[in-house]
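Undergrad: Mind looking over this structure? Questions follow.
Just so it is clear, none of the values below were taken in a lab; they were calculated from the coordinates. Just so you know, these numbers come straight off a predicted model, no measurement behind them. Note that each Cβ is placed from the backbone with ideal geometry, even for glycine, and that neighbours are counted across all protein chains shown.
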Amino acid sequence: MITFIKDEYGKLPPQAIELEEIILGALISEKDAIEKIELEEDDFYSVKNQTIYSAILRLKENRSPIDMFTVVEELKRMNEIDNIGGSYAIALLCSKVVSAANLQYHANIIKQKSIARKLIAMSSEIQTMAYSEETDVADVLEFIEQNFTDISTGSTRTDASDISDSLNETLEYMQKLQFEAENGRPSAIPTGLVELDKQLNGGWKSPDLIVLGGRPSMGKTQFAVHFAKYATQNNYKTLFISIEMTKIQLIIRMLTENEAIDFYRIKTGQLSEQEWLEVDKMIKQISQMDLFIADDYKIRYLNNIKSLARKMARKNQLKLLIIDYLGLIRTNSKFGTRDLEIGYITGELKNLCKELNIPIILLAQLNRAEKGAKVRKPQLQDLRESGNIEQDADIVIFPHRPYYYDSDAIDSDGESWENRGEIIIGKHREGEINAIVRFRHDKVFKKIFDDVDFKKKLFTDAINKDISQVSSNFYEEETPF
């Protein structure tokens, strides 16, 4: 948040007090005029006008009528009526209004003046920071990026909400979810796996930080590509930060989901004419995705990740952020240990989730199993620098493929784990912990899909359990002996 300071050069800060008074008069005099504008209290230059506008906003939030008498009463409840000049000041505002026809135009001018004042304050703060020998330049750039985003989105204030405001926001959120569900719009970003969606209450939700952890060759990146694809197919614009792989490598992974396209033949330049036709088909599909890939070598720095995410959010081009992967992210700061740096990174990414109101999927490596030891199912403590990651994450999931380690591995039903695996939900703030979702994949692990047989078994088991329960109840209630 930028604190406004007076112009050090003696110039009058940008303002239009007369227009502010005309707007306030229109809001008080014209029914529903408040619904036509989007101004914050600090968009008004005059402190008195800020107070009056605050009273009007309180009436709006309480769904009370807005007129001269209600505004006066609200100011009295706020103990501010004398500070703004009494009831006469409100009557004087109303007398200045001829029509509210130009209300939106006038409000736009006030907003521009407000932004100009904030930019002046920000530039002054930037100069102070830049001249300081104790301030890292990277911190100055971070300050510019964050505050520029705040100004452009109108979120420059930090404040606490009273319980009534919080309740109203919660009800609006619930009503929005209900409306979207009734109109066929998913309440969350689908994962592309039906059973996983069920466990996650619909899919990825804002502002969750999701950690996708796995040992080498467990398919973390392929899962990330899978999640990105399904998000974009449902019109959620996705940014894929690829620190480890290039965008060409990622696109080839998408192309080879088509079984008719051979990875080896791509890499050796031996595609047949038929394979090129299949490539053209896949290109048409992929080109429809709202997917952005960042693979520049500089993207490994946390400040650059946050800067790009904010830039895309300002353009309304970001609904899901995927980062591959945590172990390669670096900062411009010095830490005593990598553990402290990891904690700083995950904390900053969680803050970014809240700031941009998006979910972030963060890939992370698990500690390797000890040599010669039997590989067990992954757990939270297997995450490298697990304490910090676990603390900041809202959801932690682990893909696990037993067949990769043991070709004779079988599940509890005696079925081979070949081309199958499970996703273990190690942490979920709003759901079941240690739930397991089974999945299937093709032989080369390019496609991931639901384990249909597993779902059928769950359904059958549930039916049998219900029948057993009914039979048991029947004999207990009807048998006289």
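Undergrad: Please list, in order along the range 341-352, the HN-Hα scalar couplings obtained from phi with the Karplus expression 6.51 cos²θ - 1.76 cosθ + 1.60 (θ = phi - 60°), rounded to whole Hz, x for Gly and Pro.
TA: After applying 6.51 cos²θ - 1.76 cosθ + 1.60, I find 5, 4, x, 5, 5, 5, x, 5, 5, 5, 4, 5 Hz.
Undergrad: Ok, one more. Pop out the ³J(HN,Hα) list for the range 228-237 in order, Karplus 6.51 cos²θ - 1.76 cosθ + 1.60 with θ = phi - 60°, rounded to Hz; leave Gly and Pro as x.
TA: The phi angles translate into 4, 4, 6, 5, 5, 5, 9, 6, 9, 5 Hz.
Undergrad: Under 22 Å Cα-Cα from K350, which lysines qualify once same-chain neighbours fewer than 8 residues away are excluded?
TA: K205, K220, K237, K298, K306, K311, K315, K319, K334, K427
Undergrad: Would you kindly derive the ³J(HN,Hα) couplings of the range 418-429 from the backbone phi angles with the Karplus curve 6.51 cos²θ - 1.76 cosθ + 1.60 (θ = phi - 60°), listing them in order in whole Hz, with x for Gly and Pro?
TA: 4, 6, 9, x, 9, 9, 9, 8, x, 8, 7, 4
Undergrad: While we're on this one: List the residues, sorted by chain then number, that are 5 or more residues from W204 or on another chain and whose placed amide H is less than 5 Å from its amide H.
TA: The answer is I189, T191.
Undergrad: For the residue pair E244 and E430, what label-to-label distance in nm results when each label sits 7 Å from Cα along the Cα-to-beta-carbon direction?
TA: Using points 7 Å along Cα→Cβ, the separation is 2.9 nm.
Undergrad: Moving to a separate point now. Can you put M218, M68 in order, fewest other beta carbons within 10 Å first?
TA: M68, M218
Undergrad: Once amide H atoms are placed 1.01 Å from N in the peptide plane, what residues at a sequence separation of 5 or more from R330, or on another chain, have their amide H within under 5 Å of its amide H?
TA: Y301, L302
Undergrad: Using modelled backbone amide H atoms (1.01 Å from N, in-plane), which distant-in-sequence or interchain residues come within less than 5 Å of K427's amide H?
TA: V396, N434
Undergrad: Expressed in nm to one decimal, what extension gain is obtained for the pair E172 and K111 from 0.36 nm per residue of sequence separation less their Cα-Cα distance?
TA: Going from the current span to full extension adds 19.4 nm.
Undergrad: Tell me which of L326, F263, L308 sits at the most positive position along the dipole axis of the range 240-342, charges placed on C-beta atoms (Lys, Arg +1; Asp, Glu -1).
TA: Selected residue: L308.
Undergrad: Using 1/(1 + (r/R0)^6) with R0 = 22 angstrom and r between the beta carbons of N201 and E40, what's the FRET efficiency to the nearest 0.05?
TA: E between N201 and E40, to the nearest 0.05, is 0.10.
Undergrad: Set the Förster distance to 51 Å, then compute FRET efficiency between K284 and V47 from the Cβ-Cβ distance, nearest 0.05.
TA: The computed FRET efficiency comes out at 0.30.
Undergrad: If the chain between Y297 and K267 were fully stretched, how many nm would it gain, using 0.36 nm times the residue separation less the Cα-Cα distance?
TA: 8.5 nm
Undergrad: Multiply the residue gap between A130 and S164 by 0.36 nm, knock off their C-alpha separation, and tell me the result in nm, one decimal place.
TA: 8.0 nm
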